[in-house]
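Everything on this sheet refers to the single structure shown next.
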Amino acid sequence: MSSPLVVAIDGTSGSGKSSTSRGVADRLGLRYLDTGAMFRAMTWWMLRHGVDVHDPAAVAARCTEPRIVSGTDPLAPTITVDGADVAVAIRQDDVNAAVSPVSTVPEVRARLLELQREVIATDGGIVVEGRDIGSVVVPDAPVKVYLSAEPGARAERRAAEQGAADVAATRESLLARDQIDSGRATAPLVMADGAVQIDTTGHTLDEVIGLVVALVADAEART
Ligand code: DC
């Protein structure tokens with residue numbers, strides 16, 4: 001392939017995006033970028049600085065301040081804000097509850113789009129996961145995947161990842177986020193043109209990784 005490979009993986013929370021994306025990147029020797037972690041890091045910074053996350057103008061006014069840096073090793077991805085490691089803090093309930101409203105603010109999306117494109121443009125191929133990767137961030141990606149799964153399966157996976165006992169509450173929280181993510185005006189969660197949908201409900205992680213790796217091989221054979 002002439003330009004470095006970009007694999008765009010979009011989908012809802014708990015559809016298996018992160019594990020699949022990291023697995024594909026590891027198997028193919030590519031870098032990995034978790035754009036959800038960047039939105040979470042921005043949200044963490046807003047909460048930390050007392051910004052009202054339900055006031056879009058207040059969020060917009062400060063969104064160029066945090067310095068968000070993503071490490072792209074699929075076996076050990078990192079995320080820092082102003083030099084502080086926030087990998088654990090960005091998965092807490094306060095950030096879970098605030099990340100969708102922060103993500104609807106167009107200035108936040110524009111700022112993070114700029115950072116995402118900088119990371120994507122450096123050093124070789126990459127697997128990028130998020131909600132608008134195939135539709136907005138890299139619309140010409142040669143491989144675009146849309147992962148979905150039934151809500152029950154998604155809630156069980158998320159609760160297990162987060163060590164949460166209450167699967168029903170996790171289900172409510174992720175369905176509420178889906179609704180905001182799909183309904184927002186700027187870059188909503190949609191299946192991008194040219195994306196291949198994979199329902200992960202009945203599949204193991206290894207199977208889903210294998211399906212995506214096969215799509216990459218197909219795309220490479222066509223060029
Ligand atoms: O993938 P995740 O659950 O960590 O993402 C957290 C939130 O970030 C999600 O609810 C919506 C937002 N997000 C987004 O708007 N666009 C992206 N490309 C990635 C995440």
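The values are calculated or read from the model by the stated rules, or taken from the named source; none is laboratory data. Predicted, not measured: the structure shown is a model, and the values here were computed from it. Cβ placement follows ideal geometry from the backbone for every residue including glycine, while neighbour counts extend to all protein chains displayed. Just the protein is used for accessible areas: all its heavy atoms, side chains included, with ligands, DNA and RNA removed. Shrake-Rupley method; radii C 1.70, N 1.55, O 1.52, S 1.80 Å.
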Output the residues belonging to the stretch 40-54 that are open to solvent by less than 60 Å² (accessible area, probe 1.4 Å) and either within 11 Å of the ligand (Cβ to nearest atom) or of a type in the set (D, E, K, R) (or both). 40, 41, 42, 43
Which count do you get for residues in the stretch 164-200 that are near the ligand (Cβ under 9 Å from one of its atoms), in a helix (DSSP H, G or I) and aliphatic (A, V, I, L, M)? 2
Name the one entry in 37, 57, 25 that is at pLDDT 95 or above, in a helix (DSSP H, G or I) and loosely packed, with under 15 Cβ neighbours inside 10 Å. 57
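With the condition kept exactly as written, say whether any residue in the stretch 65-72 is surrounded by fewer than 22 Cβ atoms within 10 Å (Cβ to Cβ), hydroxyl-bearing (Ser, Thr, Tyr), at pLDDT 95 or above and within 15 Å of the ligand (Cβ to nearest atom).
Initially, the stretch 65-72 is screened for residues surrounded by fewer than 22 Cβ atoms within 10 Å (Cβ to Cβ), giving 65-72.
Narrowing further to those that are hydroxyl-bearing (Ser, Thr, Tyr): 70, 72.
Then keep just the ones that are at pLDDT 95 or above; that gives 70, 72.
Pick out the ones that are also within 15 Å of the ligand (Cβ to nearest atom) and you get 70.
Yes, some residue in the stretch 65-72 is surrounded by fewer than 22 Cβ atoms within 10 Å (Cβ to Cβ), hydroxyl-bearing (Ser, Thr, Tyr), at pLDDT 95 or above and within 15 Å of the ligand (Cβ to nearest atom).
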What number goes with the only condition from (1) crowded, with 20+ Cβ neighbours inside 10 Å; (2) of a type in the set (Ser, Thr, Tyr); (3) within 25 Å of residue 31 (Cβ to Cβ) that residue 170 does not pass? (3)
Is it true that residue 127 is in a strand (DSSP E or B) and touching a strand residue (DSSP E or B) at 6+ places or on another chain (Cβ under 9 Å)? yes
Of the conditions (1) of a type outside the set (D, E, K, R); (2) within 12 Å of the ligand (Cβ to nearest atom); (3) open to solvent by 50 Å² or more (accessible area, probe 1.4 Å), residue 76 fails just one. Which one is it? (2)
Test for residue 187: is it within 28 Å of residue 113 (Cα to Cα) and in contact with a strand residue (DSSP E or B) (Cβ under 8 Å, 6 or more places away or on another chain): no
Those residues that are farther than 18 Å from residue 135 by Cα and not hydroxyl-bearing (Ser, Thr, Tyr), I need them from the stretch 194-211; list them, please. 199, 202, 203, 205, 206, 207, 208, 209, 210, 211
Taking the stretch 1-22, which residues are at positive phi and either part of a helix (DSSP H, G or I) or within 9 Å of the ligand (Cβ to nearest atom) (or both)? 11, 14
Top-ranked residue of the stretch 93-137 - restricted to ones that are within 12 Å of the ligand (Cβ to nearest atom) and of a type in the set (S, T, N, Q), ranked as surrounded by the most Cβ atoms within 10 Å (Cβ to Cβ): 103
